[in-house]
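Down below is the structure, laid out as structure tokens.
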Amino acid sequence: MSPSQSQSQSPSPSDPEPRHFLEIDDVSHEELLEVLDLADDLKHAQQTGEPHEALDGQTLGMIFQKPSTRTRVSFETGMTQLGGHAIFLGADDIQLGRGEPLKDTSRTLSRYVDVVMARLFKHDNVEVLAANSSVPIVNGLTDDAHPCQTLADLLTIREQEGGFDDVSVAWIGDGNNVGQSFVIGAAMTDMDLTVATPEGYGIDDSVIDRAQELGGDPTVTNDPVEAATDADIIYTDVWISMGQEDERDVRMEAFEGFQVCSDLLEHAPGASVMHCLPAHRGEEITDEVIESDRSIVFDQAENRLHAQKALLQWLLD
């Protein structure tokens, strides 16, 4: 796409519908592998200093209702490395939440930028943005899903294990948005997944149904030892997500026994450990584990950059 084409203009009836990325299964299995392969290429290009400014002259609008370290820095840095420009749009910086309908925000931004990443609370809101946008909308996180994290997770597992065949993964902890997207991603790549959550904190049944429709067969249990035994990858996340602080005491009691610690890792002597960060060290994971040579947590964090660069380039190419 030439710089003149990249400048957002009023959509015409003949313009193609934009591709949105609101859930990990908004791409097919083949498209998912294509994005991961592109991420590998872009990571190699960055490491070797090869120019890869495929999005020269294009602009990413970044809407943030929820603050973030990794999401903001990885998207903004990634767009810069691709030759483009990123604009941070906090909730207090734009009319979002001050009475302007989301559909108006979406229609307006579509006239200014080439792609929008939105990190919001309600998943319905990112769907409204997409329904009214003439440019791609990327879900940077909602309360229901975090597909960009899953892209980085899959890239990390493929690097660590050499592929997805015969890889067993244990998700241990809360059945939150990160876990829900990962369940779908594991099904799409045919990994053997066991999910261990306390009673009442599991993955939504509709997500398990979607995974099964995609050919996955996740095992669901309330026993973290059962999930961890002989796993290749053990993955956890915080027990208390943003907005759940008033549930802290109840959740800390409910998640007792689900900590990823040295004792748990004894049941999976060959396992690598993942965490999407930020980590509450001493709660869902111990400092000893996250600092150990079993941890691939910071490789996983770095891969947010490479996976999202690939996604942006793929959506805009």
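The values are calculated or read from the model by the stated rules, or taken from the named source; none is laboratory data. The model shown is predicted, which means the values in this text are computed figures rather than measured ones. Cβ sites come from the backbone with ideal geometry, for glycine too, and all protein chains shown count toward neighbours.
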Requested in this report: State all residues of the stretch 71-115 that are hydrophobic (A, V, I, L, M, F, W, C), closer than 18 Å to Ala131 by Cβ and modelled with pLDDT of 95 or more; if no residue qualifies, say none.
Outcome: Leu109, Val113, Val115
Report summary line: Reported set for the stretch 251-264 where residues are touching a helix residue (DSSP H, G or I) at 6+ places or on another chain (Cβ under 7 Å) and among the hydrophobic types (A, V, I, L, M, F, W, C) is Phe258, Val260, Cys261, Leu264
Query - Matching entry among Asp246, Asp317, Asp237 (being loosely packed, with under 15 Cβ neighbours inside 10 Å and either touching a helix residue (DSSP H, G or I) at 6+ places or on another chain (Cβ under 6 Å) or under 30 Å from Glu17 (Cα atoms) (or both)) - result: Asp317
**Report entry** Verdict on Lys43 being loosely packed, with under 15 Cβ neighbours inside 10 Å and either in a helix (DSSP H, G or I) or within 23 Å of the chain's Cα centre (by Cα) (or both)
**Finding:** no
**Report entry** Criterion: in contact (Cβ under 8 Å) with a residue 24 or more places away in the chain, within 17 Å of Leu22 (Cβ to Cβ) and acidic (Asp, Glu) - qualifying residue of Asp232, Asp204
**Finding:** Asp204
Query raised in the report: Would you pick out the residues in the stretch 46-76 that are more than 18 Å from the chain's Cα centre (by Cα) and either on the phi > 0 side of the Ramachandran plot or of a type in the set (Val, Ile, Thr) (or both)?
Result: Thr48, Gly49, Gly57, Thr59
